[in-house]
1. Could you pull out the residue among 322, 307, 342 that is crowded, with 16+ Cβ neighbours inside 10 Å and at pLDDT below 80?
2. Can you find a residue in segment 94-106 that is over 20 Å from residue 158 (Cα atoms), in contact with a helix residue (DSSP H, G or I) (Cβ under 7 Å, 6 or more places away or on another chain) and touching a residue at least 24 places away in the same chain (Cβ under 8 Å)?
3. Could you give me the residue pairs with C-beta distances under 7 Å whose first residue belongs to segment 8-21 and is in the same structural domain as residue 120 (by TED's automatic domain parsing) and free of Cβ contacts under 8 Å to residues at least 60 places away in the same chain, whose second residue is surrounded by 15 or more Cβ atoms within 10 Å (Cβ to Cβ) and assigned to a helix (DSSP H, G or I) wherever it lies, and which are 6+ apart or on separate chains?
4. Count, please, the residues in segment 239-256 that happen to be modelled with pLDDT under 80 and touching a helix residue (DSSP H, G or I) at 6+ places or on another chain (Cβ under 6 Å).
5. Among the residues of segment 48-63, is any farther than 30 Å from residue 14 by Cα, touching a strand residue (DSSP E or B) at 6+ places or on another chain (Cβ under 8 Å) and exposed (fewer than 13 other Cβ atoms within 10 Å of the Cβ)?
6. Could you go through segment 351-367 and let me know if any residue there is assigned to a strand (DSSP E or B), in contact with a helix residue (DSSP H, G or I) (Cβ under 6 Å, 6 or more places away or on another chain) and within 17 Å of residue 272 (Cβ to Cβ).
7. Do you know which residues across segment 136-153 are part of a helix (DSSP H, G or I) and surrounded by fewer than 14 Cβ atoms within 10 Å (Cβ to Cβ)?
């Protein structure tokens, strides 16, 4: 346990600058194939964690005193100006804290001129404060401790401001740094492939476009988590615009169903799905099918171009007696249909319940509680929620699922 004057040591800004250098070193030292295999979001999260400093938090509601007071001698100046020794009584209070202890002893950009005397017990994760005097008054001693704790909390606030600014700067700059390194790596590999000396390439490593006639589906290259064990190779994936085309057809169908509830009032899940397939095929030249085998089962809606799945959708009716478990089971079912190469899908929930808002809330909660959930996507409204999940057994492999609620057959 070290004796300290709190918030009066080395500059906090200097340490944060050192952390920034560690972030850049970690970014540049990251294995090339593993770096290209990961998503930007995962890279940024891990790199920010390298540069972040956790500001400690006091827990004054858990404070306690040592079992008994102690006595000590101290040097004082008496009324005649003479330095003498006197006996004092000491009361020791210990306040637990969580987080890293280092900021307790560092000087933030804003700080107290007069240091705060306290001890940081790193092993016990406690702050130790000692009052001493000759004529203790219980209420005065208690108030002294409270005032001291308030000052320490204010000092932590100064440190937290600097740390939060540092993390905010990291979050603002990290996407650019990650993108720059990714661009450098990919450019270097492009030059490498263009030099003209034969190299070994996978037969399916080329980028290609999926030849859909009615709506042009353009593929781009995404990164595979397999590259953590093998060299990074690009693979075909559906461009977001084409995925949005399919979702737009489904949203328009949903709006039509809700304006004409009698259309779906007596239809079951399969017939509603068949109506959606008719509309999808009108746009995608008959490429959409239902009850097609893919990976672990038969998915309700599948748009496939040659060997590439460009859209996978799962349909489910949700009635008044159904609970959140049904939604969780449906998410599991949908993930079971997605192969390692499938990155975009949709869950279409046909709601036969008057309390639509409650059902949507259950569905959103089920997604966020799912063990494969990583984060929310860019869209969140009662018309559509987007979620990013990871593939079964592969946390680095991201999949995007759009949740579209349908009110079918009117409210019951």
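The values are calculated or read from the model by the stated rules, or taken from the named source; none is laboratory data. Keep in mind it's a predicted model, so treat the numbers as computed, not measured. Note: ideal-geometry Cβ built from the backbone for every residue, glycine included; neighbour counts use all protein chains shown.
1. Testing whether each residue is crowded, with 16+ Cβ neighbours inside 10 Å and at pLDDT below 80 leaves just 342.
2. Taking every residue of segment 94-106 in turn, none turns out to be over 20 Å from residue 158 (Cα atoms), in contact with a helix residue (DSSP H, G or I) (Cβ under 7 Å, 6 or more places away or on another chain) and touching a residue at least 24 places away in the same chain (Cβ under 8 Å).
3. none
4. Counting residues in segment 239-256 that are modelled with pLDDT under 80 and touching a helix residue (DSSP H, G or I) at 6+ places or on another chain (Cβ under 6 Å) gives 0.
5. Looking through segment 48-63, at least one residue is farther than 30 Å from residue 14 by Cα, touching a strand residue (DSSP E or B) at 6+ places or on another chain (Cβ under 8 Å) and exposed (fewer than 13 other Cβ atoms within 10 Å of the Cβ).
6. Within segment 351-367, one or more residues are assigned to a strand (DSSP E or B), in contact with a helix residue (DSSP H, G or I) (Cβ under 6 Å, 6 or more places away or on another chain) and within 17 Å of residue 272 (Cβ to Cβ).
7. 138, 139, 140, 142, 143, 146, 147, 150, 153
Yes/no per residue for (1) more than 26 Å from residue 137 (Cα to Cα); (2) part of a helix (DSSP H, G or I); (3) not assigned by TED's automatic domain parsing to the domain that holds residue 118:
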| position | (1), (2), (3) |
| --- | --- |
| 36 | yes, yes, no |
| 41 | yes, yes, no |
| 44 | yes, yes, no |
| 50 | yes, yes, no |
| 81 | yes, no, no |
| 88 | no, no, no |
| 94 | no, no, no |
| 97 | yes, no, no |
